[in-house]
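Novice: Have a look at the structure that comes next, please.
Just so it is clear, none of the values below were taken in a lab; they were calculated from the coordinates. Values in this document were obtained by computation on a predicted structure and should not be read as measured data. When we count neighbours, we look across all protein chains shown, and the Cβ atoms used for this are built from the backbone with ideal geometry, even at glycine.
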Amino acid sequence: MSERQCPAASRLPELGHKSVHALAHAGEVAQWTVVLLAWLWLGEQGMRLGWSLASGVLAVALWWAARLLSRGHVWTLQAAPALMGLLGLLTACGVWWPDLLSGHSAAHTGLLAVAMVWGVWCGWIETRSQSSTFSLGRVAWHPVVAAALTYGAWRMPDSVSSAPVSVSAVLALCAAVLHARDRFGARQPKVCRGVQSSLPLVLPTSAMGLMMGSLWLGNAWCAGLNLSLEWMAISHLVLMAGLPALVTGFTRSWEPDGNARAHERLSFISLGFLILGPLMLLGDSEAHGTLAMVLPSLAWAVHLCRHRFPLGSAVRWPPGVQRGLALLLGPGLLAWVGLISPWQGPVAVQSAFALLGVLAAVQILYGVRRRAVTPTAGLPHEF
């Protein structure tokens, strides 16, 4: 995308370096909070209002699909910053729709509507983001702070009832911060990141999404560990927000500068965790149940540490194929789990993770074979 195609770049006000830097950090916390709160609140409300339809995961699946479909478009980059703020405020107000429509037997419809708006907002945020959590400093503390904000909003007494005051307030605050970051950021991105959905990139994301999306189903791991719903939520927030911070610190001490070989090695490790995770389901001890949760989460955390690295010699698929793959293995697979859970129980989630593990194994074999054919390419291979 050229400078001519990104007219907003010339209209951005100039701010001091410290102001821009503070906005980048605050915006990263807000971005994580918006995503984490979507997983937690939409999943809980979906179970409360739409448990008879796809086991209550339809709202989360719809949010996930809208997020993927709205990400990476040129018109998203060209839109005025005011539209970003408007989408955020509409989402903050939208969390009240299920309560307002409850008297008309349309509460679940209102939830699905706000899920779509929320998903589009998330897609826009990720497309227009100019920074990465893992490039803003030596410690990736932003997701940890976001998880604390998310938990606080969810555990406020009103969030358990039908009046989501705290959730709406936190979303409104995030909307203000993200609007300010979008309006006063240092520069507009000159390229449209789009959706990079080859198997090595989409599999870890799908695994983490399945774990968060199936949180309120009481899947095999949490049920086996005898955790309450509150501790289930805490454990999932720790896995999604705490592990990336820990893994980033470890990988930076291991490969501080980052290069093509580090990219290849991390990709291999990420897929390896995806293979080992489903294998833990063959055991029935608490240790096996814990590892079945932690290993796919580690795969996602490792994936985050290298997902912005140039793909080099990776296969470039058409955008339509990329989006289709991400939708099929993400929200599509989650909706399928919800549909068959009433009959299959925890086996539905287990089979979905087994599928991802098989695909990860196939991808590793393909990468090893490709490397054996061209061992001196000098660029990261797509494992």
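Novice: Alpha carbons only, please: Rg and Dmax for the stretch 45-127, in angstrom.
Specialist: For the stretch 45-127, the Cα-based Rg and Dmax read 13.6, 41 Å.
Novice: Quick check on packing: order 31-39, 288-296 by the mean number of other C-beta atoms within 10 Å, highest mean leading. Mind dumping the intermediate values first?
Specialist: On the way: 31-39: 23.8, 288-296: 20.9.
Per-residue Cβ counts within 10 Å, averaged per peptide and sorted highest first, yield 31-39, 288-296.
Novice: For the stretch 32-180, divide the Cα radius of gyration by the Kirkwood radius and give the resulting Rg/Rh value with two decimals. Present the calculation step by step, with values, prior to reporting the outcome.
Specialist: Numbers: Rg = 15.2 Å, Rh = 15.6 Å.
We get a ratio of 0.97 for the stretch 32-180.
Novice: With r as the distance between the Cβ atoms of Leu136 and Leu53 and R0 = 56 Å, compute the FRET efficiency 1/(1 + (r/R0)^6) and round to 0.05. Numbers along the way, then the final one.
Specialist: Numbers: r = 40 Å, r/R0 = 0.72.
It comes to 0.90.
Novice: Show me 71-77, 349-355, 209-215 ranked by packing, highest mean number of other Cβ atoms within 10 Å first. If you can, show how the numbers build up before the last one.
Specialist: Values: 71-77: 17.4, 349-355: 20.7, 209-215: 24.9.
In descending order of packing, they fall as 209-215, 349-355, 71-77.
Novice: Ok, one more. Using just the C-alpha positions of the stretch 28-68 as equal point scatterers, what log10 of I(q)/I(0) does the Debye formula give at each q in 0.17, 0.25, 0.28 1/Å?
Specialist: Computed log10 I(q)/I(0) values: -0.44, -0.78, -0.89.
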